[in-house]
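Notes follow the structure.
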Amino acid sequence: MTLTREAPPAIPEAPALPKTRRGDGWATTIMVAPATVLYTVMLIVPVGLALYLSLTDWDGFSADPAFVGAANYLDLLDDPELRRAALVTLLVAAAGTAGLNLLGLGFALLVNGASKANTFFRIVLFYPHVLSALVVGFLWSAILGTNGAVNNLVTKWGGEVLPFLSDPAWATVTMIGVLVWAGFGVNVVLYLAGLQAVPHSLIEAARIDGATRWQVFRNVTLPALGPSVTVNIVLSLVTLLKTYDLVVSLTAGGPAGQTQTVAYLILWNSFHDARLGFGSAQSVLLMLVTAALAFVVTKLRRRGELAVHQ
């Protein structure tokens with residue numbers, strides 16, 4: 001008996017790619033042009049102008065800025081106000097990023113389920129972010145100031161005035177707390193999006209194997225939230241490094257300049273002291289430091305995500 005081997009089925013040919021028509025290139029250019037122009041005008045041009053002004057001694061009013069080269073950058077090295085503001089900014093960025101992400105993840109886990117109550121609480125948690133930072137600062141200043149609502153109640157009950165905004169240490173902690181209160185709603189939303197993407201089958205399999213809620217969170221949910229954690233940390237860090245509007249309305253940089261951030265100092269030097277060239281040099285330095293920190297944090301987080309999945 002002779003066996004015959006059947007020929008393998010023919011592999012279908014890949015469909016041919018559509019040919020690019022002559023007008024497609026112009027159509028793409030026209031559609032991309034508004035975004036390109038907006039990006040150039042709103043980002044590229046201001047950055048280039050800041051770089052140029054940082055090399056000049058300009059007060060913002062004279063017609064011809066005096067070119068001074070790297071003198072402004074050399075002055076930055078001997079500026080005690082900038083060193084103090086840099087320490088305050090780094091403290092705000094580090095503590096604020098931790099607070100935003102811990103609260104954001106915690107509340108996201110609490111309101112993750114689909115219910116009317118969770119929908120209501122999501123709106124409540126996000127609402128502070130809708131308010132202007134200036135409004136938030138004035139609001140909390142009226143609550144926590146020396147003659148604010150809290151201290152009026154404390155003194156009425158026989159207590160002493162609490163220096164929320166009059167003591168340097170208290171003012172710094174208060175400012176960080178207000179920043180976290182005003183901003184963690186965004187982190188809740190981003191973490192909720194990440195939680196919705198966690199495969200429910202993995203959670204069910206872990207529960208069937210006898211894992212506790214903490215074990216499920218640590219070994220299943222948290223590793224799956226790796227990209228969300230990275231995005232939240234970077235966004236929080238970048239946002240807090242350029243904090244100035246809440247400082248203006250909450251503490252005005254006081255007491256005695258102890259809550260001045262770098263961004264606040266840039267505006268003060270540029271417009272109050274009419275040293276726009278020096279302020280531009282500070283802004284360039286802040287931009288470079290922010291970009292470097294964001295790059296390093298992203299790289300470290302990516303390595304951590306890869307280590308978890310290996």
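The values are calculated or read from the model by the stated rules, or taken from the named source; none is laboratory data. Just so it is clear, the structure is predicted and the values come from calculations on it, not from any experiment. All Cβ positions, even for glycine, are placed from backbone atoms using ideal geometry, and neighbour counts span all protein chains on display. Each accessible area value is taken on the protein alone, full model and side chains, heavy atoms only, with ligands, DNA and RNA left out. Shrake-Rupley method; radii C 1.70, N 1.55, O 1.52, S 1.80 Å.
Annotations
- Over the chain, Cα pairs under 8 Å with separation of 6+ residues give a relative contact order of 27 percent.
- Along its first, second and third principal axes, ordered by size, region 137-192 spans 44, 22, 18 Å in Cα coordinates.
- In terms of overall dimensions, the C-alpha atoms belonging to the chain reach 103, 61, 34 Å along their principal axes, ordered largest to smallest.
- HN-Hα J in Hz across region 153-169 - Karplus 6.51, -1.76, 1.60, θ = phi - 60°, x for Gly and Pro: 5, 4, 5, 5, 8, x, x, 9, 5, 8, x, 4, 10, 9, 9, x, 5
- FRET efficiency, 1/(1 + (r/R0)^6) with R0 30 Å, evaluated for Thr29 and Leu222 via beta carbons: 0.10
- Remark on region 64-115: hydrodynamic radius 14.8 angstrom, per the Kirkwood mean of 1/r across alpha carbon pairs.
- Value of [θ]222 nm, deg cm²/dmol, for the chain, DSSP H segments ≥ 4, -39500 (n - 2.57) each, nearest 500: -21000 deg cm²/dmol
- For region 269-284, the residues whose backbone nitrogen is under 13 Å from a point 7 Å from the Cα of Phe61, taken along Cα to Cβ, are 271-276.
- Probe 1.4 Å, accessible area per residue of the chain, Å²: 63
- Angle between the chain longest axis and helix 133-144 axis [Cα atoms, degrees, rounded to 10]: 60
- With Cα atoms, 0 to 90° folded angle of helix 24-39 axis to the chain main axis: 30
- Per residue Cα convex hull volume in Å³ - calculated over region 98-239: 149
- Modelled this way, with points 7 Å down the Cα-to-C-beta line, the labels at Gln258 and Leu87 are 1.2 nm from one another.
- Phi angles of region 50-64 translate, via the Karplus equation with coefficients 6.51, -1.76, 1.60 and θ = phi - 60°, into HN-Hα couplings of 5, 4, 5, 5, 5, 9, 10, 10, 10, 9, x, 10, 5, 6, 10 Hz per residue; Gly and Pro are given as x.
- Descending by average beta-carbon neighbour count within 10 Å, the peptides 98-108, 197-207 line up as 98-108, 197-207, the highest first.
- Convex hull volume per residue, computed on the Cα atoms of region 171-289, equals 116 Å³.
- With the gyration tensor restricted to C-alpha atoms of region 246-293, the semi-axes of the equivalent ellipsoid amount to 19, 15, 7 Å, longest first.
- Considered as an equivalent ellipsoid built on the Cα gyration tensor, region 17-175 has semi-axes of 43, 34, 15 Å, the largest given first.
- On full extension, the segment bounded by Thr298 and Trp214 gains 27.6 nm, given 0.36 nm per residue less the C-alpha separation.
- Counting protein heavy atoms only, region 34-175 has 73 percent of its accessible area on carbon and sulfur, 1.4 angstrom probe.
- Ranked by the mean number of other Cβ atoms within 10 Å per residue, highest first, peptides 129-141, 60-72, 251-263 order as 251-263, 129-141, 60-72.
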